[in-house]
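Asks: Dropping the structure in here first, questions after.
Each value in this text was obtained by applying a stated rule to the coordinates, not by laboratory testing. Source: prediction; values computed, not measured. Note that each Cβ is placed from the backbone with ideal geometry, even for glycine, and that neighbours are counted across all protein chains shown.
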Amino acid sequence: MSIEKKRVSTERLEAQYFRAEDFEGLEDLPIIPYEGEGKTSYKDTYDKQKRAYVEKLGVRLPKEWFYNTRDGIEAAGDVKPKFRAMLMTTFIVCGEIVNAESIRRLFGNDKAGFEYHLEGVNRRIKEKRVDRYGYRDLLPSGELVEEHRNRMNLSSNPTKTVSEEELSEIIDIVFDSLKE
């Protein structure tokens, strides 16, 4: 038995997380600043505000990330612990996309200038959102290292980073939703 490292096989990661062509079709995207609390916090206190912002932008979040009334708990609508890193990263990705689209509009027809801007965005996403410590690796038991550490009452992915595969999935979900 060994730890299963999530494999990335998407074209998105062979190039960049965000590409200039990803923003084509977002010309009518409303540039909505986040007005909730906890914009730099990873506390679960702010999950509902962050989820509301993401959904206000028009992003369809996967239902399996959240508890529902059939789960037999009072936390219907709350994010499941296993998916908190996904929600936090989706919130951050949405902010980066809205901000980048706003900046793209400032560049007008200067595609090279916008591409240069995206280089910085891609570095930021790579350095700040990709799990470099194995928290999102899958154990033979089917749980994530993050979940196991949490059960052991240890610090578990305090900055809610995700695997490269999860990040690629999140970026696709967000762009697909925004372009509908």
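Asks: Report, in listed order, any pair from LYS39/LYS82; LYS111/LYS160; LYS50/LYS111; LYS82/LYS179 with a Cα-Cα distance greater than 26 Å.
Replies: On the way: LYS39/LYS82 21 Å; LYS111/LYS160 32 Å; LYS50/LYS111 31 Å; LYS82/LYS179 28 Å.
Long pairs (Cα-Cα over 26 Å): LYS111/LYS160; LYS50/LYS111; LYS82/LYS179.
Asks: Students often forget the sequence filter, so: which aspartates and glutamates lie under 13 Å Cα-Cα from LYS128 once same-chain residues fewer than 8 apart are removed?
Replies: Within the straight-line cut-off, LYS128 pairs with GLU96, GLU164.
Asks: Could you please report the charge total around LYS56, scoring K, R as +1 and D, E as -1 over all other residues with beta-carbon less than 14 angstrom from its beta-carbon? Show your work: numbers first, answer last.
Replies: On the way: positive: LYS48, LYS50, ARG51, ARG60; negative: GLU35, GLU55.
Overall, the nearby charge balance is +2.
Asks: If you average the sequence gap of Cα pairs under 8 Å that are 6 or more apart and divide by the length of the chain, what percent do you get for the contact order?
Replies: Numbers: 189 pairs, mean separation 64.5, N = 180.
Dividing the mean separation by the residue count of the chain yields 36 percent.
Asks: Still on this structure: About the Cα centre of segment 16-128, what is the dipole size in debye to 20, counting +1 per Lys and Arg Cβ and -1 per Asp and Glu Cβ, all else neutral? Kindly include the intermediate steps, with their values, before the conclusion.
Replies: Details: 20 positive and 20 negative charges, 82 e Å.
I would put it at about 400 debye.
Asks: With N residues in segment 102-180, what two-decimal value do you get for its Cα radius of gyration over 2.2 N^0.38 Å? Walk me through the intermediate numbers first.
Replies: Working: Rg = 17.0 Å, N = 79, 2.2 N^0.38 = 11.6 Å.
So the Cα radius of gyration is 1.47 times the expected 2.2 N^0.38 Å.
Asks: For segment 57-180, give the magnitude of the charge dipole about the Cα centre (Cβ charges: +1 Lys/Arg, -1 Asp/Glu; no others), in debye to the nearest 20. Let's see the in-between values first.
Replies: Working: 20 positive and 22 negative charges, 61 e Å.
Using Cβ point charges on Lys, Arg, Asp and Glu, segment 57-180 gives about 300 debye.
Asks: Treat each spin label as a single point 7 Å out from the Cα along the C-beta direction, and report the THR45 to MET152 distance in nm.
Replies: 2.9
Asks: Arrange the following residues from fewest to most other Cβ atoms within 10 Å of their Cβ: ARG136, ARG51. All intermediate terms of the calculation are to be shown ahead of the outcome.
Replies: Values: ARG136 25, ARG51 21.
Ascending number of Cβ neighbours within 10 Å: ARG51, ARG136.
Asks: Towards the positive end of the charge dipole of segment 69-162, with charges on Cβ (+1 Lys, Arg; -1 Asp, Glu), say which of GLY77, ALA100, TYR116 has the farthest Cα.
Replies: Looking along the dipole axis, the top candidate is TYR116.
Asks: For the chain, what does -39500 (n - 2.57) per DSSP helix run (n ≥ 4), summed and divided by total residues, give at 222 nm, in deg cm²/dmol to the nearest 500?
Replies: On the way: 6 runs with 80 residues, N = 180.
Roughly -14000 deg cm²/dmol at 222 nm, from the helical runs in the chain.
Asks: Additional query: Just the ratio, please: alpha-carbon radius of gyration of the chain over 2.2 N^0.38 Å, N its number of residues.
Replies: 1.07
Asks: What nm value, rounded to one decimal, do you get for the distance between THR159 and ASN68 when each label is placed 7 Å out toward the C-beta?
Replies: Using points 7 Å along Cα→Cβ, the separation is 3.5 nm.
Asks: Please state the charge dipole magnitude for segment 141-180, taken about the Cα centre, from unit charges on C-beta atoms (+1 on K and R, -1 on D and E), reported in debye and rounded to the nearest 20.
Replies: Working: 4 positive and 10 negative charges, 68 e Å.
Here segment 141-180 has a charge dipole of around 320 debye.
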